[in-house]
Amino acid sequence: MAVASSGMTEGQPDIYECHARGIFRKDGKKPLVGDYVEIEPVPDEHGLIGRIEGFLPRKNELIRPAVSNVDQAIVVFAIRSPEPSLVLTDSFIIQMMMQDIPVILLFNKKDLADKDYAVSLAEIYGDSGVKAYPVSARDEEDVRMIKGMLDGRTSILAGPSGVGKSTLLNAVCPGASMETGEISKKLKRGKHTTRHSELFAVSEDTYLMDTPGFSAFGVPDMDPEELKVYYREFFPYEGSCRFNGCSHTHEPDCAVRHAVYAGEVNRNRYENYCSLYDELRSRKRYR
């Protein structure tokens, strides 16, 4: 496993190919992309190698994608080709919220859609606490905006396959094109298809983690009644429903449902909530 050192080898090159000591595997510890580690260089005639001697404390850790020490998540969905799954979007956003990781949502390929439709997709998340933007990886102004979002932070780049993550990565970090290379034609995989998480330096203090695309992403396991905590659009209406502990799915005189009918809460977001709530109820029922 290749792991980047945290610059503790003063006066020597910063990148070593490292392996964790066996004792870590015994203790169930595994290096993650984004880890800060202590290494011991090991002389070798074939190149610069090292041994991981210890892990610095992680400020956060994600299971999927398996990365650590993340400042923010840049979540990418396409406006067209493929069509975005907003339930999938919500599921990923909730996972980030559970880790207190800020989310920036990019709807890529705006050049393939009507401008009003592109803007309307971003507006769905206007009251969610998530910043959402329609973008094109081929638009220089959009690329400059994205670089500004990344500046001084360690960000993960995540989203389904085929939404243009690699094009965005190469636009904000041109050196990534050379590093990712071209996947073997024998395997019939597309150029720059990401099969593992990888860390790229955008600038001296700015890093971007490219992660494998996902096609399914269930809502993180929780009690169904907890789900509404992650829908900030509902907050102004809490306490105004007829019943305490209202689930906002079927009860009469539900303030949230009234707000949806009145156009005060986005209907797409509400329908996503109901879908995820039903999924959690089903899980609980069949445990």
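Observations on the model:
- Relative contact order, whole percent, for the chain stands at 14, derived from Cα pairs under 8 Å and 6 or more residues apart.
- Near residue 131, the amide H atoms lying under 5 Å from its own belong to 103, 105; only residues 5 or more places off or on other chains count, and H is placed 1.01 Å from N.
- Length added when fully stretched, residue 221-residue 44, from 0.36 nm per residue minus Cα-Cα: 59.1 nm
- Dipole size of the chain about its Cα centre, with +1 on Lys/Arg Cβ and -1 on Asp/Glu Cβ: approximately 1120 debye, rounded to the nearest 20.
- Placing R0 at 45 angstrom, the Cβ-Cβ distance between residue 51 and residue 144 gives a FRET efficiency of 0.65 after rounding to 0.05.
- Phi angles across the stretch 78-87 convert, under the Karplus curve 6.51 cos²θ - 1.76 cosθ + 1.60 with θ = phi - 60°, into 3J(HN,Hα) values of 8, 6, 9, 6, x, 5, x, 9, 6, 5 Hz, Gly and Pro given as x.
- Nearest 10 degrees, 0 to 90: helix 267-285 Cα axis against the chain principal axis: 80 degrees
- 5 angstrom amide H check on residue 55, placed H, neighbours 5+ away: 38
- Checking (1) 154; (2) 142; (3) 173 against volume of the Cα convex hull per residue in Å³ calculated from these atoms, the matching label is (3).
- Amide proton proximity set for residue 70, modelled H, under 5 Å, gap of 5+: 60
- Rounded FRET efficiency, nearest 0.05, which uses the C-beta distance separating residue 114 from residue 253 and R0 of 35 Å: 0.35
- Förster radius 45 Å - calculated FRET efficiency between residue 17 and residue 278, Cβ distance, rounded to 0.05: 0.40
- Full extension of the segment from residue 240 to residue 123, taken as 0.36 nm per residue of separation minus the current Cα-Cα distance, would add 39.6 nm.
Quick note: the coordinates plus some simple rules give every number you see, no bench work behind them. Note that this is a predicted model, so its numbers are computed, not measured. Note: ideal-geometry Cβ built from the backbone for every residue, glycine included; neighbour counts use all protein chains shown.
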